[in-house]
Structures are given as structure tokens and as C-alpha cells.
Amino acid sequence: MFFHIAEDPDRAWAQIAPHAMHETNDYAEWAKGMRGSPYSAFETADELRASGMYEVVTPDEAVELIRARGGVSFKPLMGGLDPALGWESLHLFESKVLPRLRAPS
């Protein structure tokens, strides 16, 4: 659902967590009673992070996950996230992940 690349995932998660909580809990409220919605409400950011819906990974982890999955989706402006934080993730993808995906494995 949300994929973010950071040199320090714990630090980045602390910045992202309030936005992720807002997004998922608002969508969970909106989707009450709908079948197939991936959203459910969470009490804490730690519970949400453990759910795997919001992944914050290092560049090395990103390479492994993208290769294993065949791709990922970015949402750099999720839930009102500061654009500078979204750009950090995209720049890491461009500089530290994409070149390794283009190279033979």
C-alpha cells in the first residue's frame, strides 16, 4: 500500500506515522461495511507498522523487495506527508536502488 525508502527507517517511520495513522483510520471509517477494503483502524503506529501496509525500508531492502515482488508502488504524498520527505524517498530510489535494478543480478 505504501512503500518508502530511507537510510534510517525508524527515524523516517516516526515522521510518517502520524500521516499513515490519519490515512488508514480515515479510510477504515469510510470503508466500514464494505467488502474487500484493505483498510482497518489501528490504535497505535506500532500496530500499523507491524501490519505491513506501510513499509519503510533501506535502499538495500528495497532492491531485495522489488526483485522479489517484481515491482512496488510509491505514494510519496500519502496522507499530507511533507513533500520533502517524499522526495527523499524518490531520490534514494533514483540514486541507490534503480541503478542496481538495471544491472544484471
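Read-outs: derived from the displayed coordinates by stated rules, not from any lab. Bear in mind that the values here come from a model prediction, so they are computed numbers and not experimental data. FYI the Cβ positions are ideal-geometry reconstructions off the backbone, even for glycines, and counts take in every protein chain you see.
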Ordered by residue, what ³J(HN,Hα) values in Hz, to whole numbers, does the range 79-85 give under the Karplus form 6.51 cos²θ - 1.76 cosθ + 1.60, where θ = phi - 60° and Gly and Pro are x?
x, x, 4, 4, x, 4, 5
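Scan the range 1-96 for trypsin sites (Lys or Arg not before Pro) in coil per DSSP, keeping those whose Cβ has at most 11 other Cβ atoms within 10 Å, and list them by number.
Of the trypsin sites (Lys or Arg not before Pro), the ones in loops of the range 1-96 whose Cβ has at most 11 other Cβ atoms within 10 Å are 32, 35.
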What does the net charge come to around residue 92 if you take all other residues with beta carbon closer than 12 Å to its beta carbon, with K and R at +1 and D and E at -1?
-4
Exposure rule at most 15 other beta-carbon atoms within 10 Å, DSSP loop GluC sites (Glu not before Pro): the chain longest free segment:
44-105
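Treat the count of other C-beta atoms within 10 Å as a stand-in for reagent exposure and order 73, 37 from fewest to most. Show your work: numbers first, answer last.
Working: 73 7, 37 12.
Placing the least packed residue first, the sequence is 73, 37.
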Structure-derived Cα Rg over 2.2 N^0.38 Å: which label, when the choices are (1) 1.16; (2) 1.12; (3) 1.42
(2)
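Neighbour counts of other C-beta atoms within 10 Å: give me 22, 4 arranged from fewest to most.
Working: 22 14, 4 28.
The order, fewest Cβ neighbours first, is 22, 4.
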